[in-house]
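These notes are about the structure you will find just below.
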Amino acid sequence: MRQYFTKINVETDSQKLYEITNIVSRTIDKQDISEGMLTLYIKHTSASLLIQENADDSVLRDLENFFDKLVPQNLDLYEHKAEGVDDMPAHIKASLTSTHLSIPIRNKKIDLGTWQGIFLFEHRIQPHTREIDVHIIGTH
């Protein structure tokens, strides 16, 4: 059994879904692990991780629009206002999604479905550098 730990940094420029499947795949390619488990963990309270369709960009736009309607950027709705109009909505969106993903690795590839991709969901308006911890465990 082997383990590998690293980090992935993703630069964001606005609220939207950023596909990171290729970055994660390249990270797996560099390791001597063929079968195992990949865990991704984002250490932020205003961004999240998703597995979602990566074949049709309208799915991503619809998800972004849905979350914006579900959690409006209206300061009158929230007590926490310290970091601007998008701060508390970002925390709520992150709490409704996930900070971590576990995905099997088979034959040195992420075992995703045909139309699935891995996404960082940025919930803040301003650009950020988001750090994702990567843990790979498995055998050669």
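Quick note: the coordinates plus some simple rules give every number you see, no bench work behind them. These numbers were taken from a predicted model, which means no experiment stands behind them. Please note: Cβ atoms are built from the backbone with ideal geometry, for glycine as well, and neighbour counts cover all protein chains shown.
For the range 119-140, a tally of residues being out of contact with any strand residue (DSSP E or B) (no Cβ under 6 Å at 6 or more places or on another chain) and of a type in the set (A, V, I, L, M) returns 1.
Residues checked against (1) of a type in the set (Ser, Thr, Tyr); (2) farther than 18 Å from residue 120 by Cβ:
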{"residue": "45", "(1), (2)": "yes, no"}
{"residue": "72", "(1), (2)": "no, yes"}
{"residue": "81", "(1), (2)": "no, yes"}
{"residue": "85", "(1), (2)": "no, yes"}
{"residue": "88", "(1), (2)": "no, yes"}
{"residue": "93", "(1), (2)": "no, no"}
{"residue": "97", "(1), (2)": "yes, no"}
{"residue": "101", "(1), (2)": "no, no"}
{"residue": "105", "(1), (2)": "no, yes"}
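Could you please give the count of residues in the range 115-140 that are in contact with a Phe, Trp or Tyr (Cβ under 6 Å, 6 or more places away or on another chain) and surrounded by fewer than 18 Cβ atoms within 10 Å (Cβ to Cβ)? Final tally of qualifying residues: 2.
For the range 66-98, filtered to residues that are acidic (Asp, Glu) and crowded, with 16+ Cβ neighbours inside 10 Å, the residue that is nearest to residue 45 (Cα to Cα) is 87.
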